[in-house]
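Input: a single structure, listed below in structure tokens.
The values are calculated or read from the model by the stated rules, or taken from the named source; none is laboratory data. Keep in mind the model is a prediction, meaning the values are calculated, not measured. Please note: Cβ atoms are built from the backbone with ideal geometry, for glycine as well, and neighbour counts cover all protein chains shown.
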Amino acid sequence: MGGGNLLPVNVWLGIDMGSSSIKGVLAANDELIAGVILPVVGNYRKQAERVMEMVVEEGQVSVEDVKGVGVTGVGSEGIEVKGPRFSEVAAHVRGVMAFYPHVRTVIDIGSQFTRAIVTDGGGKVRDFIVSEKCATGSGRFLQIMARILHIDVSEMGPLSLKALHPVEFSTGCAVFAESEAISRIAEGAKPEDIVAGVHRAMASKVEMLMRRVKWEPPVALVGGGGEDTGLLRAIEEVLKINILVPLQPRLMGAFGAACLAANSHAPIS
Amino acid sequence: MPVAGIDIGSTMTKVVILHDNGEIAGSLVGPTGAEHRRLAYRVIKEALSLTGMGADDLAYIVATGYGRLNCPFADRHVTEITCHARGVKAAFPSARLIIDIGGQDSKGIKLDEAGKITDFVMNDKCAAGTGRFLEVIADTLGIELGRMGDISAQAKEAVKIANTCTVFAELEVTARLAEGVPVADICAGLHDAIASRIASMVRHLKVEGEVVVTGGGAKNTGLTSALSRKLGCEVQVPKEPFLTGAWGAAIIAKTLVDRGERGKMDRKWAEVTFFQ
């Protein structure tokens with residue numbers, strides 16, 4: 001990655017307006033030079049403006065140095081900026097390609113949406129599928145389970161890896177699984193076994209999506225789900241492959257939007 | 001001798017006791033909780049004491065519902081579909097469709113002219129379309145489940161709820177509340193959402209004729225009127241919709257006794273009392 005102290009040239013800003021957090025990224029020549037994530041609270045538009053101010057500050061550039069902005073995310077209509085808008089699918093693929101140009105399939109697990117995207121190997125999307133109708137395949141399921149276990153979502157990955165007897169849920173519904181988990185805890189089930197059971201349930205949903213898009217390796221996992229090592233392992237187990245995860249998986253959409261904005265304005269020489 | 005029907009549901013345990021002549025001697029509804037057996041015993045004992053009877057006065061006990069197998073003192077276990085059909089037929093002889101909205105599932109039961117079950121559909125895979133959906137969202141709205149019907153009656157314009165999933169609908173409701181949408185309009189929208197889900201489930205049964213709604217969901221007038229609108233007919237609700245299954249179980253118990261069947265001489269109450 002480029003040295004933070006050098007004056008970056010050709011800097012582009014990407015912003016990803018998600019359903020539970022807003023992500024901002026500065027990118028220069030396909031490198032991620034700064035990133036900021038804020039939760040969605042209060043005024044959506046003001047929060048997006050704060051993200052942009054913060055990322056410019058973090059990247060140690062002045063506003064004048066930013067060549068342009070690219071926007072993506074389900075809430076991309078909620079922000080007023082002059083700049084192109086990109087679909088979440090296009091943005092995520094572009095972001096991942098900058099890190100791993102050989103990746104064929106991208107899994108994006110966000111708080112409300114889970115996507116499986118297959119490319120033709122040259123960065124072009126061949127097919128994709130979005131799960132948005134059921135919470136079981138989404139990050140929201142993790143948040144619900146973390147709440148009843150009185151732990152932070154970030155603790156779930158390491159906990160899950162310790163599990164010896166993962167709980168097998170009898171239901172595919174997050175609401176019913178929540179009650180099932182409560183009874184299992186009352187019966188003495190260990191938190192790690194509950195969490196590992198949740199990860200397995202999610203992984204089998206992901207596998208279903210992957211089968212429908214006819215996935216191909218190599219595979220990358222991005223979005224908040226990419227930060228969960230337990231979920232990563234569960235998906236690796238059902239797909240029987242190793243999965244690539246970029247250093248900051250939640251920033252891939254915003255990063256991709258910045259790269260795409262740069263491409264659309266500066267012809268590649 | 002009197003008989004009893006006990007319906008052990010996912011959230012509530014219901015008991016109906018019938019006199020020799022078939023009239024209801026007493027009934028009781030109590031929470032199911034985690035320990036089915038002990039609570040089933042407690043509810044049945046309390047119902048007996050309300051009628052001035054003792055445990056040994058019962059000639060026959062039929063257990064039904066999701067927890068029916070956790071009832072060692074029952075003489076027979078009968079599925080809730082059969083029991084609901086019997087209970088509904090007793091109160092509504094011309095009923096052709098029963099919609100049972102329970103705490104953790106919802107069912108559609110199709111009946112022929114004689115009240116015999118010819119088909120049924122069931123959703124227990126997803127909380128949407130079950131009582132659980134309303135329970136979760138009543139909690140988010142900070143209102144009692146029992147008041148949702150009355151509150152929705154004040155609605156000026158029902159809000160459209162776009163999400164089917166309970167978890168996402170809950171987020172949607174939170175967003176509407178933040179926008180200042182009145183709670184009544186949200187409640188009405190939720191009733192519409194669950195009613196369309198149930199209506200599309202029972203449509204597969206292709207039923208024409210009288211529709212009776214039972215289970216906890218039937219106590220919600222907002223939900224039953226939304227169902228009437230979606231189905232295009234006025235749905236009927238029993239006086240005690242909670243008790244339909246237990247009543248049907250008690251009627252079956254009485255029929256069996258009348259036919260000469262005899263209940264256990266030595267009921268295993270003790271096994272229940274000392275259950276861990």
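Between A:Ala177, A:Ala90, which is in the same structural domain as A:Met210 (by TED's automatic domain parsing) and either of a type outside the set (Lys, Arg) or in contact with a Gly (Cβ under 8 Å, 6 or more places away or on another chain) (or both)?
Details: A:Ala90 fails: in the same structural domain as A:Met210 (by TED's automatic domain parsing).
The unique qualifying residue is A:Ala177.
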Q: Write out, first by first residue and then by second, each pair whose Cβ atoms fall under 7 Å of each other, whose residues are 6+ apart or on separate chains, and whose first residue, in the stretch A:134-150, is within 11 Å of chain B (Cβ to nearest Cβ) and on the phi > 0 side of the Ramachandran plot while the second is crowded, with 23+ Cβ neighbours inside 10 Å and at pLDDT below 90.
A: none
Q. With B:Arg267, B:Arg259 as the choices, which residue is in contact (Cβ under 8 Å) with a residue 24 or more places away in the chain, more than 21 Å from the chain's Cα centre (by Cα) and surrounded by fewer than 20 Cβ atoms within 10 Å (Cβ to Cβ)?
A. B:Arg267
Q: Answer yes or no: is there a residue in the stretch B:101-116 that is over 21 Å from B:Asp258 (Cα atoms), basic (Lys, Arg), part of a strand (DSSP E or B) and away from chain A (no Cβ under 14 Å).
A: yes
Q: Tell me which of these B:Ser200 doesn't satisfy, since it passes every other one: (1) touching a residue at least 24 places away in the same chain (Cβ under 8 Å); (2) hydroxyl-bearing (Ser, Thr, Tyr); (3) more than 12 Å from every other protein chain (Cβ to nearest Cβ).
A: (1)
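For the stretch A:151-174, name all the residues that are of a type in the set (A, V, I, L, M, F, W, C) and more than 11 Å from chain B (Cβ to nearest Cβ). Walk me through how you get there before you give the answer.
Filtering the stretch A:151-174 down to residues of a type in the set (A, V, I, L, M, F, W, C) leaves A:151, A:153, A:156, A:159, A:161, A:163-164, A:167, A:169, A:173-174.
Passing the criteria: A:Ile151, A:Val153, A:Met156, A:Leu159, A:Leu161, A:Ala163, A:Leu164, A:Val167, A:Phe169.
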Q) Which is assigned to a helix (DSSP H, G or I), closer than 30 Å to B:Ala169 by Cα and modelled with pLDDT of 95 or more, of B:Ser200, B:Ser225? A) B:Ser225
Q. Does the stretch B:161-191 hold any residues that are more than 10 Å from chain A (Cβ to nearest Cβ) and either of a type in the set (Phe, Trp, Tyr) or farther than 16 Å from B:Gly142 by Cα (or both), and which are they?
A. B:Ile161, B:Ala162, B:Glu179, B:Gly189, B:His191
Q. Looking at (1) touching a residue at least 40 places away in the same chain (Cβ under 8 Å); (2) crowded, with 21+ Cβ neighbours inside 10 Å; (3) at negative phi, which is the only condition B:Lys107 fails?
A. (1)
Q) Can B:Glu135 be described as surrounded by fewer than 22 Cβ atoms within 10 Å (Cβ to Cβ), within 11 Å of another protein chain (Cβ to nearest Cβ) and closer than 25 Å to B:Ile8 by Cβ? A) yes
Q. When A:Met208 is evaluated against the numbered criteria (1) surrounded by 21 or more Cβ atoms within 10 Å (Cβ to Cβ); (2) more than 13 Å from the chain's Cα centre (by Cα), which criterion, by number, is the only one it fails?
A. (1)
Q | Segments classed as strands (runs of 3 or more DSSP E), wholly inside the stretch A:86-203, with at least 1 members that are basic (Lys, Arg) and surrounded by 18 or more Cβ atoms within 10 Å (Cβ to Cβ) | A | A:114-119
